[in-house]
Every structure is written in structure tokens, then in C-alpha cells.
1. So for the pair GLU428, GLN600, with labels modelled 7 Å out along Cα→Cβ, what separation do we get in nm?
2. Put one equal scatterer on each alpha carbon of the stretch 121-182, apply the Debye formula with no solvent term, and list log10 I(q)/I(0) at q = 0.19 1/Å to two decimals.
3. Return the Rg/Rh ratio of the stretch 159-312 with Cα-based radii and a Kirkwood Rh.
4. Can you check what the net charge comes to around ALA375, using other residues whose Cβ is under 10 Å from the Cβ of ALA375 (Lys, Arg +1; Asp, Glu -1)?
5. Where the centre of each part is set by its Cα atoms, how far does the stretch 285-328 sit from the stretch 182-257, in angstrom?
6. Rounded to a whole number, what is D in µm²/s for the stretch 339-491 from Stokes-Einstein with the Kirkwood radius over alpha-carbon pairs (4 °C, 1.567 mPa s)?
7. Counting other beta carbons within 10 Å of each residue's own, what order do ILE309, ILE230, ILE224 fall into, fewest first?
8. With all pairs of different alpha carbon atoms counted, what Kirkwood hydrodynamic radius in Å does the stretch 399-477 show?
Amino acid sequence: MTDPAPANPSRRAPASQQAQVLPAPANAAAIGGSVSLTINGTALKVPLGTTILEAARTAGIQIPTLCHHPDLCIAGVCRICCVEVEGQRTLQAACAYPVTAPIKVSTHTRKVRQARRHVLDLLLSEHFGECYACGRNLNCELQSLARDYGVDGFRFGHPERPRFPIDRSSYSVVRDRDKCILCRRCVRTCIDLQEVGTLEVLGRSDRSRIGTFLEKPLGGVVCINCGQCINRCPTGALRANDPTDEVWAAIQDPAKHVVIQTAPSPRAAIGECFGLPPGRALTLELNTALRLCGFDKVFDTNFAADLTIMEETTELLLRLREALAGRAAALPQFSSCSPGWVKYLEHFHPDYLPHLSTAKSPQQMFGAVIKTWYAHQHGLAPRDIVTVALMPCSAKKFECNRPEMDASGFKDVDYGLTTRELAKMISETGLDLVHLPKSDFDAPFGTATGSGVIFGATGGVMEAALRTLLELVTGEPVEDLYRHADITPRARLRGDQAPGADPAKGRPGPGPAGPAVHRLGLAQGGDPQAGRGPRHRQRQAGHGGHPARRPVQPLPLHRVHGLPRRLPGRRRPAHPHLSRHPPGPGRRHLPGGFLLSYPQVP
Ligand code: SF4
Ligand code: SF4
Ligand code: FES
């Protein structure tokens, strides 16, 4: 057999936990590219190296698993997947047994079923959990197995009271060691998928436990709050920090005006909690449900996504201007919309922080707009407004508790809810979400472009920013540019004189900062209309142009966000409510404005 490929030195996972990938043999057929086996009398032919578990699944034969997860490398620690392999003295773990020669496998002999019952009874002897009081009730892999294998008592005993305190120090993740079955899925997720390494197995044998550096609380160690460990935990040992009680209390307080913003992704996912197949959006039914739950206003996060895109695009444009003028600029620019990604950079790559956009995420921008402009317009005191955000990610709970997210003097967003938490609230009210009548978002924050929708896809934020930038620079709708396959006006971006440029005819001439900047009216003496093409001028005058297309408007940021039309210097005077860098007395920041210490739940 060939030696395992050397571990990638750039990965921080200990070598013992890195996935070892065997190089593909030069001539697979010569050594047997496929292999035959028999499972419960069914003959199968599978690629060499396929595990018994994978082979059984191709034949529709189910073998129970706990530590196995398709996203993760094999651990083989729980042994619930044990099977009998003819000729082997002991039972074998199906998830960790690669088939390399013809074998006969039995998946549910008496010996196998007894062994699985033993494994389950041993796990339950260490597992304190009253299922009806657990957030994973009816959605727990351990509970399902106990039901499938007819567990009706605790043969090896059962803890009668909790033995460990619940760690609630993180705004995103709650850890309950009493429910942990030591499957190590969270450890592999954190180190192999996220490359963070917050969680580790501590101790040996019956003292093994999942812990953090120096067994500190989760809120006090390096954790990016991504919640990926929660997604893969088979029990209720890891769960999101659930603020639904506080949200209900705010709704029931007549002095509070409770506003909720909903992101596109949970609107498409929440149907699954009510038995619908994945991907059926319930946006308008959800609006009705939220009003019936008692929220005073229901707004669309896509509105703030447009704000974010205008901010990030403007920032990118200004950085490009600096670069084009030969001055230092942090390029490429990264989006700052993901709080997990921001924290990852803060912890592991602080040298890249200048590359992050200084704009707040849509969630935070929306909160700031509600606590300032909206409060002013409606004669409400910001302290009487409670802003709630329905978001797809547990890191958003942490983001709204970052101390710099309060430039108005009030928390931009008070509570972040996940899809599951909101589904639980709706279930508590007895509403039948799927069959509710549809209703629209409340004005004025129910109108948005498509930019916010593509935020939900990987790379969507930057795609939206680049599309906007393209329109702002060229003055043409991006659809037109795609149609003519002319989407890269590089000559203009470089500051070269465009062929035939004639300022007298409204075409931009070369300037110190390049015509693109002149087009936006951001340079000294720039005319915001200069350089707009004839089609643009036609549309502006109300002639022609496809009615379904959004007309290109002059950049309105100076009016909407208080940006000065002319930039006095190199630094962008971002609006403090929309920027991640508001001045804050006594705050210790890294260069670039990022925090040196992180908040924990008090
Ligand atoms: S939230 Fe993310 S970073 Fe934190 S422990 Fe879980 S997987 Fe690791
Ligand atoms: S916390 Fe969950 S995922 Fe991690 S070892 Fe325990 S049961 Fe497994
Ligand atoms: S699922 Fe195979 S050992 Fe755990």
C-alpha cells in the first residue's frame, strides 16, 4: 500500500485528526478497482475501499450511526454501527471498515443487536437528560436509537440529577455536558471544517470529556460562534442560545414597540419545521404569523442589504481610486457581512483586517436605522423599541451583542432568532403557518432590489457589490452590459482616456483620480452626470429603456447616508450608524478598529 499523503502543513489540526488521503493508484483495475461483498445475503460490487456502511446504504440496508457524519472524517468511537464480518473474531465498526477483499457481512444478528443495546445502555448510563425538557426532543439521534432498539429501562443506571453546570457564557452556543455522548463530531467539525479548534477531547478513558482551552467557558475562548458544531451534534449537548423568552416578554410589554426583520434564508427554510419539503419559501405567510404573534412591524432585511451594498460598493470604489492614483489601498476588499468570518480574521489573520469592509452587516444597519431614523419618524423613544432579527446563523446572536454595535447609544439589534427558535414561537401560538393568509411587509422597509436575495448564496454579497459597482462606473444597467458582452471597462478604471473621450460632449476625460471617479461626482470638481452614456441620459429624460429595468440613478449616498459629495481627503467619512468603527471612549481596538476582548453573557 502506498504511504499516506503528507499532511497539509497549513492545517492546524493535529496530524492524528487530519483526514489522510491515499493517492489514487496508477492502474486501479490491476489491483481490483471494485470488490464484491455480501451483506445479509445480498451480493454487491462496490469500489475498492468503500466502507461497509456506505456499501450497505447503496443497497438500502440501514446501519445505525452516532459518531459518523458524512461531512467529517471517520472517528469510529461509538461502535453503535457494529456488524459481524465472517472470519473476524470481534464485531467490526461498519463506518470504519473499508472493503478491500470479498467479505460476508451480517448487520442484525442476535450478537449484533445485543452489542448495540449494550452500547446504548452504556451511553444512557452517563447521559442526564429528561427528554421532554430538552431542546432536541423528537429530533435527537440518541432518542431515536433508544426507541428503535426498545430501550425500556436503564440497565447500567442513570444520573438522577445534572452533574455539570450548563455553560451559557457564549451569546451563540450553549453547552450541556450532561447530554454529551463523546461522539467527537463537534471536535472534528471545529478543527477540520472550521479550522478553529475550540473544542477538544480532554482526559482519558472514563474521564474523557469535551472541553476548551484550560476548560474555560466557551464565551472566554477563541470561538467564532459559527454554530457548525451545533448543526452536527446528535444530542442536545450543544444548542443555540435561545432568547425567545425575552422576545415574548417584550411583545407582552405594552410599553415596547417590537420590530422584527426577516432575512431571505430563514423564510425559505422555516417551512421544513412545519413538514414542507426544503426550499418552499413562506415569506408572506410568515409576515402574517409574525403579526399574529404580536410583533408591531415586520420588515425585510433585504432593504438593509441594499444599504450594505451601497456602502461596500462605495468603499470599494474609493479604495480603487486610491490604488489607481498610486496610493496605498487595502485590496482586495472583503465583505464584513458574516460575523463568524469577521471574528475568524480577528483571531487568526489580524493582518487582513484592513481588507475588511468597514460597513456593518445588513442586520446591524437595519437595527441602527430603526433606532434612529424610524424612531424619529414615528415619535418613538429608541429605548422603547425592541429590534429582533430572524437570521440563519448563530453568529448573528453574537454580532448584535458586540459592544461597538450601538453607535446611536442603544443596541442596534436587541435579539437574534434562528429559524428553529421562531418556528417554536409560532408553534407555541398554535398557528398553522403553511395555511395562513399572505400579507406584505410593512412600509417603508419592504422594498428592495434583488441584491439582498443573492446574499444568501456563497459569494452573493460581493457579486451584488460588483454588479452595483459596474453600474455606477459605466452608467449602464448590468443586464445591458452582459447583453453586449462588454462588462469590463478596464481602460476607464485604469484612468486611461477612453477612446474618443470628449468632455465637451459629456464624455469623461482623464483626471488624477480617473474618469470612473468623475462619473460618480466624488472627485474634486466632478460632475455626477459627467460621463453618463447616451442611453442613460435618454432614460433619465424618460425616453426609452425597458420599463422593468431599474433606472440608473445618480449616486445618492451623500443625501441618504450623510456622505459629503466631495471627499476632503483619503479617508472615507462613513456614517457612524452604518460603520463598524464608531468612535468609542475607553474601547481598546486593534489597528483597523477591531476589539481586543470579546463580550460574554453577563
Ligand atoms: S461555534 Fe464554531 S468555532 Fe465555536 S466551538 Fe462551535 S464549531 Fe467551533
Ligand atoms: S457535544 Fe455533541 S457533538 Fe460534541 S461530543 Fe458531545 S454529543 Fe458529540
Ligand atoms: S458510527 Fe461507527 S463507530 Fe460510531
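1. The modelled label-to-label distance comes out at 2.8 nm.
2. -0.76
3. Across the stretch 159-312, the Cα-based Rg/Rh ratio is 1.05.
4. Charge balance in the 10 Å sphere: +1.
5. 29 Å
6. Estimated diffusion coefficient is 70 µm²/s.
7. ILE230, ILE224, ILE309
8. One over the average 1/r among Cα pairs gives 16.6 Å for the stretch 399-477.
Every read-out reported here was derived from the displayed coordinates using simple, explicitly stated rules and does not represent laboratory data. Values in this document were obtained by computation on a predicted structure and should not be read as measured data. Ideal geometry is used to build each Cβ from the backbone, glycine not excepted, and the neighbour counts take in all protein chains shown.
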